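Every number here is computed from the coordinates shown, using simple stated rules; none is lab data. No experiment lies behind these values; they were computed from the predicted model shown. Neighbour counts are summed over all protein chains in view; Cβ atoms, including those assigned to glycine, are modelled from backbone coordinates with ideal geometry.
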Amino acid sequence: MSGACARRVALLLALLVCAAPAARAQRVLARTAALSATRQAAALYMHSLDFGRGGALPGVNRLPGSSATAPLLLWESGRRCVAGSGPAHPPQRPEPGDPDTVISLARTAPFQLVEPAVYRSEPGWREWPANLRGNGDRCLLAVLGGLETPERGRLRLLSFDENGMAPVPVREWGLPGGAVGAVFTASAAAPGGLLPTVAVLCRGPTGAPPVLALCDPVSGRITRHSMVELPGWNPVCVEPDAIASPPNGAWVAVSLSGTDLDLGTGEPVSQVAFFDPVRRAWAGAPVRVQGVVGPEGLRFTARGACWAGSTVPGTDFAYMARMDLAGESWAKRAEFPLSGASEGFLFRTSPLGNGVAVALGRHLELWPDGARGTLRAEFQDTLGAMAWGTEGLFVGEASRVHRVDTVMGVSTGAVLLQSGRVTGLLPLSGEYLPHPDADVDGLTDAEELALGTRPDLPDTDGDGWPDGSDPDPLRPAPRLEAASAVLLRGEAAGSELRALRVGTGAVPAPWVVEHDAGSMPWLVMHPLSGRGAGVVYLGADPARLPAGAPAGGVVRIRLREPVSGSGPEQSPVGVQVRVLPVRERAARLLWAWPDGDGVDIPGTWGPRLAGPPLYFSQERADGPVSGDLSPYRLVAVHAAALQRGYFARQQLLDYLGGGGGLLVVGGAPETGRALAPWLAPLGMAVSAEAPPAGPQPVMAGTGPLRWWAGFDPGGQYGFVRADTAARLFARPLPAFYQVPESGFPPGTPAVLMARAYGHGRVAALSSDRIPAAAGRGDAKAARFMERLAAWLVRGPVETRDMDGDGLPDDLEDADGNGARDPGETDWLAADSDGDGVPDGMEDWNRNGMVDPGETDPRNPDSDGDGIWDGADPAPAPVYGAPHIASIEPSSGPAEGGTLVAVAGRGLDQGATLWFGDRQAAWTPTPGGVAALARVPESAGEGGDVEVRIESPGGGLRGILPGGYRYLARTRVPVRMEVDPASLKRAGDCVEGVLKIHATPPPGLTAIKFLRLLDLPKTEGFQWLEEGASGLGHVTKNSLGRIQVVGEMRARRGEPEILLGAVPWRLCPAAGAVKVSFDAVRGVAVESNGGRMPFEGAPLSVELPVPE
């Protein structure tokens, strides 16, 4: 049988196996959001789930940006879906992902992003996909947009097909106010026609009622229907909340809310009004419902009823109101009060009847015919997403998607997604899926047979692409991957670089980088080509940036040899590069300086800072300061202000980490004790001793010390380095400056201590003597204080953060070797552990340590519960859990035995320490913040292993993934020789001695060894035990082999050690002796039991036989 024929028979057999009856396909697209421990949006992903197979299908696609802008939308044909995403709103630091709101187009079966950013908003606009309407091979998409001012809005009508978006909008309208939502409607002119009318609910201008705008794409006209025209409209309901329409577009329902003043209760109330788009008129008076209707709180059922779901803000109450058409107007048929909405509230209607599913926090209620009953399901976590399609009801609980039996009210299957919490679900109808498709790869079984792919394997060639979207499903294909956007800061142009990682999937392939140099002359890039995984560095030339104008453009990365043009290998990939404009914020300085505490520095030195070169506008706090400090470029604090509670400690740490400048000035002795807890997170401590008196010299002026002029600042207390427990044995803190630098005993209190912290900088002075001298006109003191202030405020500009994750490069690559060593985060990757959360969001105070309440940017599952941090509702380890901060040294030979220092928390007596699956001997210090350990032998020949601490009983544990690197196993060099002087004749035989020498490994003084000498293949050869000598004990086993066992000790001045001299005999022997000895097989054993193999060459000798 030929190979091709045999293969076809195998495929037929696979088809027979797959032809067994299978569950009906239940396909769902799921959108997940990775969140930090502080619930900041970090990343968005999309998955394709198949409940017939019971899990997620291969492949996960990341959407641009960090937060969703709209629900997922499905084309009626089921072949494409649309997702809106963008940056967090309001902005956060660091801002991961894309700077713009974008729209992505995806294929549904098999799932694949056709274009991650098929539409990108203009700078300054926030746009989102509001609704779509399919028509044959094309689809219309209504895109709403708005600016920061709520009075302006815009509607764009876009057209796209299966391959992408048309370059020019079909129509565009300026709206009478900020847009809330849009629906496609039926109309008398074109009922169900090619260009249906779009209804948009808008906020009115300030003080004006909301407006329903009808946008006619045929004529281009816009018709405004103010709520003033609505009969029975309550003027207090001026906030537009939601808009909805049934599938046929016959009605438009809108919800407006306000505060009920008629009854004097002040409770929120809503009105739901119905508009007839054919008659272009309101259908009677609006329906009053309790509470405030949410953005997705209006829904029509398949049988024409309309439901409104509302909540009472600040309470646990919610309402569900059903409205039915009665003649030519709508009336409320029923209203159900609910409780439990404080944890979350959402509902969905059945696509096949009047059924309703209502989620209240962790509880799900099923109302089969629109009437509330007793059918309920309970979940462990809050339900954050829900969708009801023709294939069933699906709910998203934390990071799990459940299929719910609507008859029994139970979950009949669940899929865990590690990429984040489920925020959106989109069921796909089975009629739009390939059938039969046993491996759900987008190809029918018959198509698989014709192509030669496997019908039981979704990815025949194993390249990560489902066969249905693979340009060559029988040969691995590259997949070009890169971030959707790179942001550069205009204020850091010329000094800042950003790293753009490029990948080609499972297949290394050559790629090139291209851009329009004419429109982007300021862009600097290197390298411009590569192969496989690589990094492109981007920067901006300040001399070529346009003055006062935004700068941006698209960089395209393409494969040199595309597999199929613009096929699913996603070549080329467009990367939006934008230079953020220089923030024109005023140079504001905040003084926190209580009256009567020392010299009035704000009144004496402050006026000098108002002039050149800093031009500070200054404010003075006379009490506690609340809120965000980011508007201030510099905060100057007297120790007495901290003692009196002017700030919260985390408030100052957040300000520093985000790029603020902080100057702390010491005061009276009692303020030192109050100052200590404020400086401790910064790696500084208040000394119990006063600093040395007299002028303080500086040997090497760097950083803020360049302008130090031998001042005598005095003061009642000074500062010392206070490396916290997590850094007790770790690498030093970066960018740390202090006076005095040298010439004094270790631990001498410093009069000035300064360092970088996150993107900001902090300096502490022991007293107000130097700023007071500056205020009196001392030129040297004034120059120093002026330069110190300038250094403090330039942290955001001069801090290098190559990957844009919010952590400075010198904090991530602490030893500055350009490589990611064990225990470090990746300075070229924003998300080192791949859990969806950027490193700067995990270490949110950006101090290079994992503090209680934070997650570990080196560990995707910080609390060890099996759910990654971005998907975990409670990702931070519980209080008291052990934590490993660092291992020093972080690498050693595979035989183990290296003595290491472990730093962290909860390193208690009775706990066990593991390197991979090998337990280590260790001795924790009192307090549980450090330990000494002996590294066990590696199970293999090298590589990175996790370091793990398990508390007694195994209840709590701390893990540092890849925390220790086993290097190559040490080899012990050996050398053999036959001493010619040992040869002698014994009758017809010749006897001699084989000497075995070894070179001890560096640093080892004593190791045990076992050595095995095989019997040479020379006829008549035998080993002799009698007369053996050396360090080892020589014995002969029953097979005639020699074993040398002993202990090797290195001696000074002896590069080699004689392990053994083994006698041998060869009979008969005449003429020259020819013997070949095989290479020695053996192993040296370290004191901890680690094995080090011997390494030597075989020996062949030919010696004359003595007479």
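Taking the Cβ of each residue in His515, His638 as the centre, tally the other Cβ atoms inside 10 Å and list the residues starting with the fewest.
Working: His515 18, His638 25.
The most exposed by this proxy come first: His515, His638.
Would you mind calculating the gained length between Ala88 and Gln650 on full extension (0.36 nm times residue separation, minus the Cα-Cα distance), in nm to one decimal? Intermediate results must be reported in sequence, preceding the final value.
Numbers: separation 562, 0.36 × 562 = 202.32 nm, distance 2.21 nm.
This chain segment gains 200.1 nm when fully extended.
Over the chain, what relative contact order in percent results from Cα pairs under 8 Å that are six or more residues apart?
Numbers: 2921 pairs, mean separation 68.4, N = 1107.
Once normalised by length, the contact order is 6 percent.
Taking the C-alpha atoms only, the angle from helix 3-18 to the longest principal axis of the chain is near 60 degrees.
Ordering Glu1086, Glu122 by the number of other Cβ atoms within 10 Å of each residue's own Cβ, fewest first, gives Glu122, Glu1086. What does the charge count near Val1085 come to, summing +1 for each Lys or Arg and -1 for each Asp or Glu among other residues with Cβ under 15 Å from its Cβ? For residues surrounding Val1085, the net value is +4. Take every Cα pair under 8 Å whose residues are at least 6 apart in sequence, average their separation, divide by the length of region 481-579, and the relative contact order is 35 percent.
Cβ crowding within 10 Å, taken as a proxy for footprinting-reagent exposure, orders Ser66, Ser767, Ser85 from fewest neighbours to most as Ser767, Ser66, Ser85.
Labels on offer are (1) -1.01; (2) -0.84; (3) -0.69, and the one holding log10 I(q)/I(0) by the Debye sum over Cα atoms at q = 0.07 Å⁻¹ computed from this structure is (2). Viscosity 1.306 mPa s, temperature 10 °C: give me the Stokes-Einstein translational D for region 754-830 in µm²/s, with Rh taken as the Kirkwood radius over C-alpha pairs. Translational diffusion coefficient: 110 µm²/s.
Taking the longest Cα principal axis of the chain as reference, the axis of helix 779-793 is set at about 70 degrees.
Other residues lying with their Cβ under 11 Å from the Cβ of Leu212 contribute a combined charge of +1, Lys and Arg counting +1, Asp and Glu -1. By the equivalent-ellipsoid construction on the alpha carbon gyration tensor, region 481-579 comes out with semi-axes of 26, 13, 10 Å, ordered largest to smallest. Once C-alpha pairs closer than 8 Å and six or more residues apart are averaged by separation and normalised to the residue number of region 822-867, the relative contact order reads 34 percent.
Restricting attention to the chain, lysine pairs at least eight places apart or on different chains and with alpha-carbon atoms under 28 angstrom apart total 12. Of all DSSP bridge pairs formed entirely within the chain, close to 90 percent run antiparallel.
Between the alpha-carbon centers of region 420-474 and region 226-280, tell me the distance in whole angstrom. The two parts, judged by their Cα centres, are 46 Å apart.
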